[in-house]
1. If you check residue 106 against the conditions, is it surrounded by fewer than 23 Cβ atoms within 10 Å (Cβ to Cβ), modelled with pLDDT of 95 or more and at positive phi?
2. Output the number of residues of the range 163-194 satisfying the condition of being surrounded by 16 or more Cβ atoms within 10 Å (Cβ to Cβ) and over 16 Å from residue 136 (Cβ atoms).
3. Let me confirm something: among 129, 167, which residue is farther than 30 Å from residue 45 by Cβ and within 14 Å of the chain's Cα centre (by Cα)?
4. Looking at 95, 151, 131, which is the one that is more than 27 Å from residue 29 (Cβ to Cβ), crowded, with 18+ Cβ neighbours inside 10 Å and touching a residue at least 12 places away in the same chain (Cβ under 8 Å)?
5. If you scan the range 98-128, which residues turn out to be out of contact with any strand residue (DSSP E or B) (no Cβ under 8 Å at 6 or more places or on another chain), touching a residue at least 24 places away in the same chain (Cβ under 8 Å) and farther than 21 Å from residue 155 by Cβ?
6. Among 48, 83, which is the only one that is within 18 Å of the chain's Cα centre (by Cα) and at pLDDT 95 or above?
7. Among the residues of the range 21-44, is any closer than 23 Å to residue 151 by Cβ and under 20 Å from the mean Cα position of the chain (by Cα)?
8. Quick one: in the range 192-202, which of the residues that are out of contact with any helix residue (DSSP H, G or I) (no Cβ under 8 Å at 6 or more places or on another chain) and in a strand (DSSP E or B) is modelled with the highest pLDDT?
């Protein structure tokens, strides 16, 4: 089986195979062009976002700089997604982010990993697994999301977490490694942060 087929099947493959490079640098160029735009160039930025991402919904905001192995060619955004500055997508596989997600600065989505066996790393083997983030998820600053992870709808991931296993919907989770701390519930209708009472909830 050649490296292209191995990659498509999620198997370890050699990343230095020229057959895998394709138009990677072209996509990176397009992302770099977006990063060089001015905040006031709203129409140009919106047009470039359609060219940069695999899919992008309505009402998305993407702060710069934006970093990605494939220039976000394999990143799919739903509607109303907010990406803060210095997001990194290791997008050798597809990354799906649902509607109304909030992604804080310095978050890393990594679809790629290297085998533990030393001889395989020495021979440039890598593997890729997709990442799926549900709707209305809030991911805090400097979170690291590992290959193959799924995060359920409405979940909050605390700052600095390293997400090494799937997270269900409607929970608060944080830590290294990231663990579920509690479910989102009635308390969250009364308080918005550390005993601070909500005054907007009806």
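The values are calculated or read from the model by the stated rules, or taken from the named source; none is laboratory data. Note that this is a predicted model, so its numbers are computed, not measured. All Cβ positions, glycine included, derive from the backbone under ideal geometry; neighbour counts span all protein chains shown.
1. Working: surrounded by fewer than 23 Cβ atoms within 10 Å (Cβ to Cβ): yes; modelled with pLDDT of 95 or more: yes; at positive phi: yes.
When the stated conditions are applied, residue 106 passes them.
2. Qualifying residue count, the range 163-194: 3.
3. Working: 167 fails: within 14 Å of the chain's Cα centre (by Cα).
That would be 129, the only listed residue that is farther than 30 Å from residue 45 by Cβ and within 14 Å of the chain's Cα centre (by Cα).
4. On the way: 95 fails: more than 27 Å from residue 29 (Cβ to Cβ); 131 fails: more than 27 Å from residue 29 (Cβ to Cβ).
Selected residue: 151, the only one of 95, 151, 131 that is more than 27 Å from residue 29 (Cβ to Cβ), crowded, with 18+ Cβ neighbours inside 10 Å and touching a residue at least 12 places away in the same chain (Cβ under 8 Å).
5. Initially, the range 98-128 is screened for residues out of contact with any strand residue (DSSP E or B) (no Cβ under 8 Å at 6 or more places or on another chain), giving 99-100, 116-122.
Adding the requirement that they be touching a residue at least 24 places away in the same chain (Cβ under 8 Å) leaves 99-100, 120.
Scanning the range 98-128 gives a single hit, 120.
6. On the way: 48 fails: within 18 Å of the chain's Cα centre (by Cα).
So the residue among 48, 83 that is within 18 Å of the chain's Cα centre (by Cα) and at pLDDT 95 or above is 83.
7. Filtering the range 21-44 down to residues closer than 23 Å to residue 151 by Cβ leaves none.
Scanning the range 21-44, I find no residue that is closer than 23 Å to residue 151 by Cβ and under 20 Å from the mean Cα position of the chain (by Cα), so the answer is no.
8. Once the filter is applied, the top-ranked residue is 196.
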